[in-house]
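Trainee: Sharing a structure with you now.
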Amino acid sequence: MEVLRPENLPPPPGVINSIKAGFDTIATHITAILLPLLLNVFLWLGPRLRMDALFDSIKADVVSIWQTGGVSPEDIQRVLTWYDGTIPTVNLFWLIRTIPIGISTLFLSQGDSQTPLGAPAIMQVNALSLLGWMFLLTLIGWVGGGLYFRSIAKLAIVTENEKPLRISRAIIQTILTSIIWGILAVVIGVPLLLFWRWCFNSMLLLPICLCYSSAWFRCG
């Protein structure tokens, strides 16, 4: 077996040269950034899918349950203030940006932030459509992520003998990988939540759970 000596190895690519090569590749294959461009434009200029109306509709019932459970008015007001400052900023269209595999995004629009086209349209979910929207947007993110990474992989093929995965196979692998990562997140996250529940009372745990959910929306 022939062993290459260190002096015979090619020098590692420099940072500047690598960035330049990447820009040159994208310049000659502009379609590679089409999906990220469309998603960023949509999240920037498109409508907002919100769930604050749903939370407002059940707020009175939740407060009643807390009062029955003996939660102090100060704690209730603290959580409601957190609700009012966080829930209106959540845009469920963020779920299109799935992890760990998804279409790259540069930013996430905040609440009712103005766009160059004016105030964005606001869409509200209800109790029946919330899960449907979450499933649909996640599925779109998985399919888009598979297509995006397949298009990037095609640029890395340097020989004619190598062929990229079929579109159907790339999408299936993306979905399976995302599901496996989701299962791992549940396996790791549930014990942590149970530990936090043991350490804190249920009133202190609620904002933590909502922060965790909001973080997923921002990343997804």
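Trainee: Scan segment 45-56 residue by residue and report those that are touching a residue at least 24 places away in the same chain (Cβ under 8 Å), farther than 13 Å from Ile122 by Cα and either out of contact with any Leu (no Cβ under 9 Å at 6 or more places or on another chain) or β-branched (Val, Ile, Thr) (or both).
Mentor: The initial filter retains those residues of segment 45-56 that are touching a residue at least 24 places away in the same chain (Cβ under 8 Å), namely 45-55.
With farther than 13 Å from Ile122 by Cα added as a condition, the list becomes 54-55.
Correct list: Phe55 only.
Trainee: Sticking with this structure for a sec: When the residues of segment 21-45 are narrowed to those that are open to solvent by less than 50 Å² (accessible area, probe 1.4 Å) and at pLDDT 75 or above, which ends up nearest to Ala119 (Cα to Cα)?
Mentor: Leu43
Trainee: Is there a residue being surrounded by fewer than 17 Cβ atoms within 10 Å (Cβ to Cβ), over 27 Å from Arg169 (Cα atoms), under 16 Å from the mean Cα position of the chain (by Cα) and not polar (S, T, N, Q) anywhere in segment 68-80?
Mentor: no
Trainee: Among the residues of segment 103-149, what is the count of those that are surrounded by 16 or more Cβ atoms within 10 Å (Cβ to Cβ), at pLDDT below 80 and of a type in the set (Ser, Thr, Tyr)?
Mentor: Total satisfying the criteria: 1.
Trainee: Just to verify a result, which residue in segment 177-199, among those that are surrounded by 13 or more Cβ atoms within 10 Å (Cβ to Cβ) and either touching a strand residue (DSSP E or B) at 6+ places or on another chain (Cβ under 8 Å) or at pLDDT below 75 (or both), is farthest from Gly145 (Cα to Cα)?
Mentor: Applying the filter and picking the extreme gives Arg197.
Trainee: I've got another one for you. If a residue has to be basic (Lys, Arg) and touching a residue at least 40 places away in the same chain (Cβ under 8 Å) to count, how many in segment 163-188 make the cut?
Mentor: Initially, segment 163-188 is screened for residues basic (Lys, Arg), giving 163, 166, 169.
With the extra rule that they be touching a residue at least 40 places away in the same chain (Cβ under 8 Å), the set shrinks to none.
Result for segment 163-188: 0.
Trainee: Hey, can you tell me all the residues within segment 81-102 that are surrounded by 14 or more Cβ atoms within 10 Å (Cβ to Cβ) and part of a helix (DSSP H, G or I)? First the steps, then the outcome.
Mentor: Our first condition is that a residue be surrounded by 14 or more Cβ atoms within 10 Å (Cβ to Cβ); within segment 81-102, this holds for 82-83, 86-99, 101-102.
Of everything in segment 81-102, those that are surrounded by 14 or more Cβ atoms within 10 Å (Cβ to Cβ) and part of a helix (DSSP H, G or I) turn out to be Trp82, Tyr83, Thr86, Ile87, Pro88, Thr89, Leu92, Phe93, Trp94, Leu95, Ile96.
Trainee: A follow-up question, please. Considering segment 32-65 alone, what residues qualify as being closer than 30 Å to Arg78 by Cβ and not aliphatic (A, V, I, L, M)?
Mentor: Of all residues in segment 32-65, those closer than 30 Å to Arg78 by Cβ come to 48-65.
Of everything in segment 32-65, those that are closer than 30 Å to Arg78 by Cβ and not aliphatic (A, V, I, L, M) turn out to be Arg48, Arg50, Asp52, Phe55, Asp56, Ser57, Lys59, Asp61, Ser64.
The values are calculated or read from the model by the stated rules, or taken from the named source; none is laboratory data. Keep in mind it's a predicted model, so treat the numbers as computed, not measured. Don't worry about glycine lacking a Cβ; one is built from the backbone with ideal geometry, like all the others, and counts go over all protein chains shown. Heads up: the accessible areas ignore ligands, DNA and RNA and are worked out on the full protein's heavy atoms, side chains in. Shrake-Rupley method; radii C 1.70, N 1.55, O 1.52, S 1.80 Å.
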